[in-house]
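*Asks:* Pasting in a structure now, in structure tokens, and then I'll have a few things to ask.
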Amino acid sequence: ELKVEQNPLFLSMQEGKNYTIYCNYSTTSDRLYWYRQDPGKSLESLFVLLSNGAVKQEGRLMASLDTKARLSTLHITAAVHDLSATYFCAVDIYGGSQGNLIFGKGTKLSVKP
Amino acid sequence: SAVISQKPSRDICQRGTSLTIQCQVDSQVTMMFWYRQQPGQSLTLIATANQGSEATYESGFVIDKFPISRPNLTFSTLTVSNLSPEDSSIYLCSVEGLVIEQFFGPGTRLTVL
């Protein structure tokens, strides 16, 4: 059974600081997704990582994937309040083009002035 | 990216009744999925809605409780039957886009009294 573990589950940061969210998964997969969810809202796609060593950046967020270690990271640089949200990683359980995702429990990020 | 709409956006239902949720996409898609997000929790895949054949259910979800229709490549419905308070959740449909990203609808917030 594929398990996806995120840590930390809760993260309180000060503006301007850097931090990393970790996502470990238990079996081989060649697709990893990062999503953002604001309270009461649906999921916003942030990144799709498709290969070992993949790195993608958008603004203050950078995601990377190490398929050998079964680890993805979401790095936050110089956090701002607008980044406060819950961040989910998800792994495609079948690989290929099946598209079924197993989600981590989410990391609730709070950025304080 | 695909534009996904869901109806209703929220509903309050009585125990023992059923609710049918509609998901409409603005373009033809092969893969459509239904997820459940229980309060304060992560997302769990319920089933894959297959066009022209029965849905494929994940472990712990059965057709009698969650019947799904997929009459064409842009539309699907999920019915949550014989409602109990434990069914109170957000139900989201998602689709896989052309470039592997998976997009989520706005969700349907169900409260069962």
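The values are calculated or read from the model by the stated rules, or taken from the named source; none is laboratory data. Only a predicted model underlies this, so the values are computations on that prediction, with no experimental measurement involved. Positions of Cβ are backbone-derived with ideal geometry, glycine not excepted, and every protein chain shown enters the neighbour counts.
*Asks:* In this structure, does B:Pro85 turn out to be exposed (fewer than 13 other Cβ atoms within 10 Å of the Cβ), within 28 Å of A:Pro39 (Cβ to Cβ) and in contact (Cβ under 8 Å) with a residue 60 or more places away in the chain?
*Replies:* Numbers: exposed (fewer than 13 other Cβ atoms within 10 Å of the Cβ): yes; within 28 Å of A:Pro39 (Cβ to Cβ): yes; in contact (Cβ under 8 Å) with a residue 60 or more places away in the chain: yes.
Yes.
*Asks:* Say we look at segment A:46-76 and pick out the residues that are touching a strand residue (DSSP E or B) at 6+ places or on another chain (Cβ under 6 Å) and polar (S, T, N, Q); which of these is surrounded by the most Cβ atoms within 10 Å (Cβ to Cβ)?
*Replies:* Step by step, filter segment A:46-76, then rank; the result is A:Ser72.
*Asks:* Then there is this: With (1) surrounded by 13 or more Cβ atoms within 10 Å (Cβ to Cβ); (2) touching a residue at least 12 places away in the same chain (Cβ under 8 Å); (3) not basic (Lys, Arg) as the list, and B:Asp64 as the residue in question, which single condition is left unmet?
*Replies:* (1)
*Asks:* What is the residue count in segment B:58-90 for residues that are within 12 Å of B:Tyr35 (Cα to Cα) and within 11 Å of another protein chain (Cβ to nearest Cβ)?
*Replies:* 2
*Asks:* Another question, then. Can you tell me which residue in segment A:43-75 is nearest to the other protein chains (Cβ to nearest Cβ), limited to those that are aliphatic (A, V, I, L, M) and closer than 23 Å to A:Glu15 by Cβ? Steps first, please.
*Replies:* Step one: of segment A:43-75, the residues aliphatic (A, V, I, L, M) are A:43, A:46, A:48-50, A:54-55, A:61-63, A:65, A:69, A:71, A:74.
With the extra rule that they be closer than 23 Å to A:Glu15 by Cβ, the set shrinks to A:46, A:61-63, A:74.
On the way: A:Leu46: 10, A:Leu61: 16, A:Met62: 18, A:Ala63: 13, A:Leu74: 15 Å.
So, considering only residues that are aliphatic (A, V, I, L, M) and closer than 23 Å to A:Glu15 by Cβ, the one nearest to the other protein chains (Cβ to nearest Cβ) is A:Leu46.
*Asks:* Here is a further query. Considering every residue within segment A:7-18, establish whether at least one is away from chain B (no Cβ under 14 Å) and among the aromatic types (Phe, Trp, Tyr). Give the steps one after another, and end with the answer.
*Replies:* Residues of segment A:7-18 away from chain B (no Cβ under 14 Å): A:8, A:11-18.
Those left that are additionally among the aromatic types (Phe, Trp, Tyr): none.
Within segment A:7-18 (the criterion being away from chain B (no Cβ under 14 Å) and among the aromatic types (Phe, Trp, Tyr)), the answer is no, since none of the residues qualifies.
*Asks:* Among the residues in segment B:27-50, are any more than 26 Å from A:Trp34 (Cα to Cα), free of Cβ contacts under 8 Å to residues at least 24 places away in the same chain and away from chain A (no Cβ under 11 Å)?
*Replies:* Looking only at segment B:27-50, we keep the residues that are more than 26 Å from A:Trp34 (Cα to Cα), and these are none.
There is no residue in segment B:27-50 that is more than 26 Å from A:Trp34 (Cα to Cα), free of Cβ contacts under 8 Å to residues at least 24 places away in the same chain and away from chain A (no Cβ under 11 Å).
*Asks:* Could you tell me which of the residues B:Glu96, B:Glu86 is within 25 Å of A:Lys105 (Cα to Cα) and modelled with pLDDT of 95 or more?
*Replies:* Values: B:Glu96 fails: modelled with pLDDT of 95 or more.
One residue alone meets the criteria, B:Glu86.
*Asks:* Residue check: is A:Gly40 modelled with pLDDT under 90, in a loop (DSSP other than H, G, I, E, B), within 11 Å of chain B (Cβ to nearest Cβ) and closer than 23 Å to A:Leu11 by Cα? Step through it out loud before you land on a result.
*Replies:* Details: modelled with pLDDT under 90: yes; in a loop (DSSP other than H, G, I, E, B): yes; within 11 Å of chain B (Cβ to nearest Cβ): yes; closer than 23 Å to A:Leu11 by Cα: yes.
So A:Gly40 fits the description; yes.
*Asks:* Please work out which residue is nearest to A:Asn100 (Cα to Cα), limiting yourself to segment B:57-77 and to residues that are touching a Leu at 6+ places or on another chain (Cβ under 9 Å) and assigned to a loop (DSSP other than H, G, I, E, B). Outline the logic, then answer.
*Replies:* Restricting attention to segment B:57-77, the residues satisfying the condition of being touching a Leu at 6+ places or on another chain (Cβ under 9 Å) are B:58, B:61, B:66-69.
Right, trim to assigned to a loop (DSSP other than H, G, I, E, B) and you get B:58, B:61, B:66-67.
Details: B:Glu58: 10, B:Phe61: 15, B:Phe66: 17, B:Pro67: 18 Å.
By that ranking, first place goes to B:Glu58.
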